[in-house]
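Comments concern the structure below.
The values are calculated or read from the model by the stated rules, or taken from the named source; none is laboratory data. These numbers come from a predicted model, not from an experiment. For neighbour counting, all protein chains shown are included, and Cβ atoms are generated from backbone atoms with ideal geometry for every residue, glycine included.
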Amino acid sequence: MFKIPRGTRDFSIEDMQKRRYIEEGMRSTFQTFGYREIQTPTFETLELFTAKSGQEIIEELYSFKDKGGRDLALRPELTAPVIRFYVDKLQMEPKPLKLFYFGNCFRYDRPQKGRYREFRQAGCEIIGTDTPEAYAELIVLAYKILENSGIEDLRLNIGNLNILSLIFKQLKLTREQQKYLIPLIDKSLFEDVFDVLRDFGIKGEDANKFIEILQTPDVKIIKKYFKDDSAIKEIGELEQILKLIEKAFGIKNYKVQMSIVRGLDYYKGLVFEIEAPILGAEKQLCGGGAYDLISLFGGKKTPSAGFAIGFDRTIVALESENYRFPKSQIDAYVIPLNEDIVDLAINIVQILRNEGFLVDLDLLRRGLGKSLKYASSIDVKKAIILGPKETKQNSVTVRDMETGEQKFIKIKNIIKIFQ
Ligand code: HAM
């Protein structure tokens with residue numbers, strides 16, 4: 001027997017009904033915010049992903065050589081591919097360019113609940129603007145997509161990597177020292193941060209202040225820490241974004257969190273994450289922010305920002321919150337009771353399908369009892385039964401599968417059974 005590869009999943013009929021329903025909802029929210037859909041290939045040149053992140057990232061990738069000896073990789077995310085596409089073909093498009101996408105991604109991660117080797121992302125990129133309203137709208141879009149999907153308990157955290165860098169600068173930490181600290185900050189291991197700072201020769205009071213800033217949601221406290229103008233300007237911009245999110249867009253459920261560092265290497269400035277606490281360890285549903293890849297990929301320098309939502313985690317969160325996914329029902333199941341009625345049955349099927357109804361037909365000639373049993377197993381609303389008695393009167397028997405109620409209906413009025 002063949003086994004499914006580690007970290008991948010099969011999706012059943014019910015799974016796919018849930019997934020398509022949620023994906024359609026997300027697509028429509030992207031569209032209501034003026035975003036338009038694009039698609040990029042599933043694999044790219046390996047270099048696209050090592051350009052910013054270096055060779056270490058190869059450990060986390062599905063990379064391979066093709067028959068022509070080219071180094072390729074299954075995409076681990078879609079921001080680099082979208083920016084490659086932009087630099088190659090979309091630079092002349094009017095700005096801002098608002099692009100969204102759905103796509104499967106591949107990471108050589110350690111599989112666990114909510115962490116897979118093949119997973120799906122829903123994401124977007126906005127290119128050509130860095131106004132506070134652009135950033136506020138982007139964050140609100142991420143939040144709305146998840147809220148509209150039906151998740152009840154969401155936590156939105158907003159940070160800024162430039163401000164974090166300025167703190168590092170104020171503390172005179174070397175690049176190496178920063179690299180050491182960042183994973184600890186990312187995991188909110190603040191006691192360890194304190195110990196490491198002490199080892200780096202940072203006095204207790206300064207270390208405490210730094211940790212306070214990483215933990216406080218109060219922008220005023222963060223502001224007081226800084227003396228130089230660039231920090232004040234950066235915090236002022238963050239405040240404008242927060243004000244728009246809260247006052248103009250009406251979203252109050254957010255927290256400032258300077259300890260957000262984001263895993264990927266391309267971010268600068270604004271960063272944000274959305275979590276669903278019900279998911280436990282893998283609770284991060286969405287991550288995003290402003291980044292700089294366009295000039296690295298040879299394009300004309302332009303601001304860009306975006307986010308990606310973990311589609312699979314969204315479904316797991318909805319299931320964990322006992323979200324009631326709508327049942328997808330077949331409208332009608334047509335049952336011809338003998339062979340010479342098959343033509344007429346197909347005729348009725350055609351009429352209904354052309355009207356857009358979801359219609360199935362008995363293809364096994366298995367008689368009324370078994371056909372009705374099958375119809376109820378595939379969740380049919382109405383069974384349409386055609387026997388000699390019905391055809392003689394140009395009629396059908398329509399059985400409501402929920403109530404069991406039966407009606408004799410003229411074939412010419414067949415569409416009316418759904419009114
Ligand atoms: P990311 O934080 O690496 O960001 O991934 C975004 C989301 O994808 C995560 O928050 C998580 O929900 C989901 N995710 C990541 N890895 C896995 C996995 N192994 N299994 C299941 N879900 C996973 C990015 O990918 C950036 N490209 C986002 C972005 C777009 N930034 C700017 N534009």
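If the requirement is being hydrophobic (A, V, I, L, M, F, W, C), in a helix (DSSP H, G or I), surrounded by fewer than 21 Cβ atoms within 10 Å (Cβ to Cβ) and within 16 Å of the ligand (Cβ to nearest atom), which of these qualifies: V87, V82?
Working: V82 fails: surrounded by fewer than 21 Cβ atoms within 10 Å (Cβ to Cβ).
Unique residue meeting the criteria: V87.
Consider G269 against the criteria (1) buried (at least 19 other Cβ atoms within 10 Å of the Cβ); (2) more than 16 Å from N157 (Cα to Cα); (3) modelled with pLDDT under 95; (4) not aromatic (F, W, Y): it satisfies all of them except one. Which criterion is unmet?
With (1) buried (at least 19 other Cβ atoms within 10 Å of the Cβ); (2) more than 16 Å from N157 (Cα to Cα); (3) modelled with pLDDT under 95; (4) not aromatic (F, W, Y) applied to G269, the lone miss is (2).
Tell me which residues, restricted to the stretch 24-39, are surrounded by 13 or more Cβ atoms within 10 Å (Cβ to Cβ) and either of a type in the set (G, A, S) or over 16 Å from F307 (Cα atoms) (or both).
G25
What pairs come up if the first residue lies in the stretch 205-220 and is over 17 Å from N162 (Cα atoms), the second is aromatic (F, W, Y), and their beta carbons are under 6 Å apart, counting only those six or more places apart or on different chains?
Sorted first by the residue in the stretch 205-220, then by its partner, the pairs are A207/F194.
Can you name the condition, by its number, that S259 falls short on among (1) over 19 Å from L166 (Cα atoms); (2) more than 9 Å from the ligand (Cβ to nearest atom)?
With respect to (1) over 19 Å from L166 (Cα atoms); (2) more than 9 Å from the ligand (Cβ to nearest atom), S259 is out only on (1).
Would you mind stating whether S371 is of a type outside the set (A, V, I, L, M, F, W, C), over 30 Å from G150 (Cβ atoms) and in contact with an Asp or Glu (Cβ under 6 Å, 6 or more places away or on another chain)?
Yes.
For (1) at pLDDT below 90; (2) of a type in the set (A, V, I, L, M, F, W, C); (3) surrounded by fewer than 17 Cβ atoms within 10 Å (Cβ to Cβ), each residue gets a yes or a no:
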| position | (1), (2), (3) |
| --- | --- |
| G201 | no, no, yes |
| K209 | no, no, no |
| K233 | no, no, yes |
| A248 | no, yes, yes |
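May I ask you to list pairs of residues, at least six apart or on different chains, whose Cβ atoms are under 6 Å apart, with the first in the stretch 1-12 being under 14 Å from Y116 (Cα atoms) and the second being in a loop (DSSP other than H, G, I, E, B) and among the hydroxyl-bearing types (S, T, Y)?
Here the result reads G7/Y116, each pair linking the stretch 1-12 to a residue that is in a loop (DSSP other than H, G, I, E, B) and among the hydroxyl-bearing types (S, T, Y).
List the strands (runs of 3 or more DSSP E) inside the stretch 288-379, counting only whole elements, that have at least 1 residues being buried (at least 16 other Cβ atoms within 10 Å of the Cβ) and without any contact (Cβ under 8 Å) to a residue 12 or more places away in the chain.
Once the strands (runs of 3 or more DSSP E) in the stretch 288-379 are filtered for at least 1 residues that are buried (at least 16 other Cβ atoms within 10 Å of the Cβ) and without any contact (Cβ under 8 Å) to a residue 12 or more places away in the chain, nothing remains.
Any chance the stretch 292-302 includes a residue that's more than 8 Å from the ligand (Cβ to nearest atom) and either of a type in the set (D, E) or touching a Leu at 6+ places or on another chain (Cβ under 7 Å) (or both)?
yes
Could you tell me which of the residues E273, E246, E282 is touching a Lys or Arg at 6+ places or on another chain (Cβ under 9 Å), without any contact (Cβ under 8 Å) to a residue 24 or more places away in the chain and within 26 Å of F100 (Cβ to Cβ)?
Unique residue meeting the criteria: E246.
For G288, are the conditions met, namely being small (G, A, S), within 25 Å of G150 (Cβ to Cβ) and more than 9 Å from the ligand (Cβ to nearest atom)?
Spelling it out, it is not the case that G288 is small (G, A, S), within 25 Å of G150 (Cβ to Cβ) and more than 9 Å from the ligand (Cβ to nearest atom).
Could you please give the count of residues in the stretch 269-283 that are within 24 Å of I235 (Cβ to Cβ) and within 11 Å of the ligand (Cβ to nearest atom)? Steps first, please.
Of the residues in the stretch 269-283, the ones within 24 Å of I235 (Cβ to Cβ) are 269-275.
Adding the requirement that they be within 11 Å of the ligand (Cβ to nearest atom) leaves 270-275.
Summing the residues that are within 24 Å of I235 (Cβ to Cβ) and within 11 Å of the ligand (Cβ to nearest atom) in the stretch 269-283 gives 6.
Go over the candidates E47, E59, E77, E37 one by one and state the one that is touching a Cys at 6+ places or on another chain (Cβ under 9 Å) and in contact (Cβ under 8 Å) with a residue 24 or more places away in the chain.
Working: E47 fails: touching a Cys at 6+ places or on another chain (Cβ under 9 Å); E59 fails: touching a Cys at 6+ places or on another chain (Cβ under 9 Å); E37 fails: touching a Cys at 6+ places or on another chain (Cβ under 9 Å).
Exactly one of E47, E59, E77, E37 is touching a Cys at 6+ places or on another chain (Cβ under 9 Å) and in contact (Cβ under 8 Å) with a residue 24 or more places away in the chain, namely E77.
Give the residues of the stretch 92-146 that are surrounded by 20 or more Cβ atoms within 10 Å (Cβ to Cβ) and β-branched (V, I, T), sorted by residue number.
I126, I127, I139, V140, I145
List the helices (runs of 4 or more DSSP H) that sit entirely inside the stretch 197-256 and contain at least 1 residues that are closer than 25 Å to L146 by Cβ and among the polar types (S, T, N, Q).
Filter on the stretch 197-256 gives 204-215, 229-243.
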